[in-house]
1. For the range A:1-69, which fully contained strands (runs of 3 or more DSSP E) count at least 2 residues that are over 16 Å from A:G142 (Cα atoms) and small (G, A, S)?
2. Before we move on, is A:V232 modelled with pLDDT under 95 and assigned to a strand (DSSP E or B)?
3. Can you say whether A:L268 is under 19 Å from A:L81 (Cα atoms) and at the interface with another protein chain (Cβ under 9 Å from one of its Cβ atoms), as far as the supplied structure shows?
4. Can you pull out every residue in the range A:4-33 that is charged (D, E, K, R) and touching a helix residue (DSSP H, G or I) at 6+ places or on another chain (Cβ under 7 Å)?
5. Considering only residues of the range A:1-14 that are modelled with pLDDT under 90 and under 23 Å from the mean Cα position of the chain (by Cα), which is farthest from the other protein chains (Cβ to nearest Cβ)?
6. Considering only residues that are of a type in the set (G, A, S) and either in contact (Cβ under 8 Å) with a residue 40 or more places away in the chain or not in a loop (DSSP other than H, G, I, E, B) (or both), which ones fall in the range A:242-279?
7. Give me a count of the residues in the range A:141-154 that are more than 11 Å from the chain's Cα centre (by Cα) and in contact (Cβ under 8 Å) with a residue 12 or more places away in the chain.
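The values are calculated or read from the model by the stated rules, or taken from the named source; none is laboratory data. What you see is a predicted model, and the numbers here were worked out from it, not measured in a lab. With ideal geometry, Cβ positions are generated from the backbone for all residues, glycine too; neighbour counts draw on all protein chains shown.
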Amino acid sequence: MTDWEDFSFQGIGTEWAVSTPLPLPMSLRTRLLDRVEKFDGDWSRFRPDSLVAELARKRGRYGFPDEAAPLGELYRLLYRLTGGAMTPLIGGSLERLGYDAAYTLRPDGPPLPAPEWESVLTWSGTVLTAGAPVVLDIGAAGKGLLVDLLAAELDAAGVSEFVIDASGDLLARGTEPLSVALEHPYNPALAIGVVDLDGRALCASAANRRTWGDGLHHVLDGTTGQPVRTAVATWTMAETAMVADALATALFFVPGAALQETFDFSWLTVFSDGSAAYSAEFEGMLFS
Amino acid sequence: MRPSSPKSLPVSRHAVRNGLFAGIAGLSLAGTVAGCAPSSADSTAGSAAPSAGTSALAGSGGGYKDGTYTADGNYVSPNGTETVGVQLTLAAGKVADVEITQHPSNPNTRKFQGEFAGGIAAQVVGKNIDELNVSKVAGSSLTSGGFNQAVEKIKSEAQ
């Protein structure tokens, strides 16, 4: 894909590149950007005009767009599998630790556990009903979900070969196997291995990213409101980027082998001591 | 399952475009690992760790002091206190070696880690991305702003 054309843009706080054999027509570029803007306007907890912001201000019944249905199902399943540790209600905990709309990046009191799902929120298809204002944060699956939504736009426009790169979360369709380096969790100049990505999504999550203080980072355990430690980086491969993205976070709470009982995916977890655990597809792909 | 074996890869300086790095590259040694100074065990300095070897740094023309940099971080996990140690070796201004030097001290953590049904690699090592023949890099998300900040810190503190 060396000769491919990149369409690069900013979206949901990160850099995106859509690579295709031929340049994308302007109308399709506009459609992709509109899709990103719509997604941000619905789901961002950093925008006062978003649906999520409204939900954080006022209890009630809210109609979300179509993608809310699969997203809600996925979160519900992972909430159960992680014993409540992985929850879309983690937004309040993140705000408490300083990861708020104003990016104060200063803790505002002791860690705050997320509210129990059943007690505050009913997520039924695309309808969310909150008994109290709740800070929804779909960060664990949101970027992957948007990757899938952009892929659907490309499909609908008849583009069959593309790679979507959302700052290291990747989806490849209709391409030759794509050789992808796995970034070293402590040094972005290094890779700890190389995998071939073939028609699926590859997502990563790391505990050392978006750090802002002593041991405070963005992967939080919903039952304690505390950052998660020990696993330092994870990678997953799955059919959809939404699932791959969410499972990359779930690996911080649940062993990959246990998640494999429910999900068809490949996984790699690197720990703070530099050791790694992985499923068969990552066998022999790591440097050691 | 057996541990993974080393994989030989074609060595090529071609591979990854600069823009890719700006998008995905992250802060090195951030987070649980605090402080860093050449040959110093002091983990309270709160400075950024040196790093080099990315295209962005290589192009900056600045020289970085050679030496071995170490950083230790202690933290309390659900299993008790853990220690992470990272050691960076700079030679001729580039990262020659990165090692994660210490192990979780708590036996429960080791047990937990040993329970995975998949394969286990005893120690994973890094290779220069520049020297791998790859189209993309999969890492964790970070805005380019954060990356640029890290580069600025490294420039000011490792020179």
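1. On the way: elements: A:5-11, A:14-20, A:60-63.
Because the criterion is at least 2 residues that are over 16 Å from A:G142 (Cα atoms) and small (G, A, S), the strands (runs of 3 or more DSSP E) in the range A:1-69 that meet it are A:14-20, A:60-63.
2. On the way: modelled with pLDDT under 95: yes; assigned to a strand (DSSP E or B): yes.
Yes.
3. Values: under 19 Å from A:L81 (Cα atoms): yes; at the interface with another protein chain (Cβ under 9 Å from one of its Cβ atoms): yes.
Spelling it out, A:L268 is indeed under 19 Å from A:L81 (Cα atoms) and at the interface with another protein chain (Cβ under 9 Å from one of its Cβ atoms).
4. Narrowing the range A:4-33 to residues charged (D, E, K, R): A:5-6, A:15, A:29, A:31.
Answer for the range A:4-33, where residues must be charged (D, E, K, R) and touching a helix residue (DSSP H, G or I) at 6+ places or on another chain (Cβ under 7 Å): A:E15, A:R31.
5. Initial filter on the range A:1-14 (modelled with pLDDT under 90): A:1-3, A:12-14.
So of that shortlist, the ones also under 23 Å from the mean Cα position of the chain (by Cα) come out as A:12-14.
Values: A:I12: 10, A:G13: 6, A:T14: 5 Å.
Restricting to residues being modelled with pLDDT under 90 and under 23 Å from the mean Cα position of the chain (by Cα), the top hit is A:I12.
6. So in the range A:242-279, the residues of a type in the set (G, A, S) come out as A:244, A:246, A:248, A:250, A:256-258, A:266, A:272, A:274-277, A:279.
Correct list: A:A244, A:A246, A:A248, A:A250, A:G256, A:A257, A:A258, A:S266, A:S272, A:A276, A:A277.
7. Initial filter on the range A:141-154 (more than 11 Å from the chain's Cα centre (by Cα)): A:148-154.
Within this subset, residues satisfying the condition of being in contact (Cβ under 8 Å) with a residue 12 or more places away in the chain are A:148-151, A:153-154.
The number of residues fulfilling the criteria is 6.
Condition check ((1) farther than 18 Å from A:D34 by Cβ; (2) crowded, with 19+ Cβ neighbours inside 10 Å; (3) out of contact with any Pro (no Cβ under 9 Å at 6 or more places or on another chain); (4) within 12 Å of chain B (Cβ to nearest Cβ)) across all residues:
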| position | (1), (2), (3), (4) |
| --- | --- |
| A:L150 | no, yes, yes, no |
| A:E153 | no, no, yes, no |
| A:D165 | yes, yes, yes, yes |
| A:G168 | yes, yes, yes, yes |
| A:A172 | yes, yes, yes, yes |
| A:V180 | yes, yes, yes, yes |
| A:P185 | yes, yes, yes, yes |
